[in-house]
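Undergrad: My structure is below; once you've seen it, I'll send some questions.
Values in this text are rule-based calculations from the coordinates and carry no lab data. All values derive from a computational prediction rather than experimental measurement. Quick reminder, even Gly has a Cβ in these numbers, built from the backbone with ideal geometry, and neighbours come from all protein chains shown.
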Amino acid sequence: MDEIVAEFIRRTILKIPVANILKILKIWNFLPESQLETIKLRQNKESLSQEVVELCQKKRASLKEAAILDIIYHQTCPNRKIWTVYEMNKIPGEEVVDLSDMEEFKDSFKKILQRALRNVHISFRDSEDNSVWIRIAWGTPHMKPNQYKTTYVVYHSQTPFVFVSHCRIKRYIPVLCQDFETCYLTPLQERNFETELDMDPRIIHENIKEKERIQRVTQETFGDYIQPRLEFAQYKLETKFKTDSKKGILAEREEPFRCLVKFSSPHLLEALKSLAPAGIADAPLSSLLTCIPHKAKNYFTIREK
């Protein structure tokens, strides 16, 4: 067992209340009962976590098994997370995806997310209440997934609801919401602010006007309908180095810099539409992005005027 897995298990044990440690380890079912009986619960948490790590090292626990332990902890203590409830809505003209086959759903979910983000670690665990728990550790195009920057998704079979834990990296939410293919997810907390204010005069919602402006501009830009499905767009960018100083090699360069800017997503236009309401980008978006459905092109050239 490498040091990364050992540290991951140690941190997970430190998060678990002492009264729940033995219960969670039994549910995990990775360590045999005979070894669990040797664990001394009446010691400081650091020593206890190290004792569990040593037992796991003997069995060579993998990252996959450590991730399952973390899922069980959150299943046992769900109130340690802040959850947002999303409702799945059918896209007009599309048949609703049959999510009753959970194995097919897991396979599709994993493939779509890995294709979109590349460096992402996904784990699944079924629950006794017919729900599936999905643990997502996010990475970047150049860095491996960080096991301490995770998002949890809980889907209850045969229901239109999906529960998503608070994600510190907001740019991943639009991608995550598109993994349900012919359905799109709507946060249930998007309610009428005036109704809520009437319920309790002490409630004050910040930036109401700004949120309303963003919603209005987004609707004016994209319309109040589902966007055409587009998975890829590419821009050819040409630009020149500008400076007031005549010094430097770049200042004397006459030839413009050229590069390609690529955008890809299982549903690119819906992803762009959700950027401003999610707080990821300012509204309105650049016309270079919003013009895609009007020009009906996948390739664009950007030149300075």
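Undergrad: Given a Förster distance of 41 angstrom, what is the FRET efficiency for E33 paired with A278, based on the Cβ-Cβ distance and rounded to 0.05?
TA: Numbers: r = 47 Å, r/R0 = 1.14.
The value I calculate is 0.30.
Undergrad: Something else about it: Out of every Cα-Cα pair in the stretch 1-131, what percent are more than 20 Å apart? Write out the running numbers ahead of the final one.
TA: Numbers: 4761 of 8515 pairs.
Considering the stretch 1-131, 56 percent of its Cα-Cα pairs are separated by more than 20 Å.
Undergrad: Hey, another quick one. For K240, go through the lysines and keep the ones whose alpha-carbon is under 29 Å away, minus same-chain ones fewer than eight residues off.
TA: Correct list for K240: K262, K295, K297, K305.
Undergrad: Gain in length, K64 to E210, computed as 0.36 nm per residue apart minus the alpha-carbon separation, to one decimal in nm?
TA: On the way: separation 146, 0.36 × 146 = 52.56 nm, distance 4.30 nm.
In short, 48.3 nm is gained.
Undergrad: I need the calculated FRET efficiency for the pair S287 and D129, taking r as the beta carbon distance and R₀ as 51 Å, to the nearest 0.05.
TA: 0.60
Undergrad: Can you give the local net charge around S264? Use residues other than it whose beta-carbon is closer than 12 angstrom to its beta-carbon, Lys and Arg +1, Asp and Glu -1.
TA: On the way: positive: R115, R118, K262; negative: E231.
Its environment carries a net charge of +2.
Undergrad: Separate question: With all pairs of different alpha carbon atoms counted, what Kirkwood hydrodynamic radius in Å does the stretch 3-76 show? Could the numbers behind the result be given before it?
TA: On the way: mean 1/r = 0.0831 Å⁻¹.
It works out to 12.0 Å.
Undergrad: Tally Lys and Arg at +1 and Asp and Glu at -1 over the other residues with C-beta under 11 Å from the C-beta of Y155: what net charge comes out? Working shown, then result.
TA: Working: positive: K106; negative: D126, D179.
Counting the neighbours of Y155, the net charge comes to -1.
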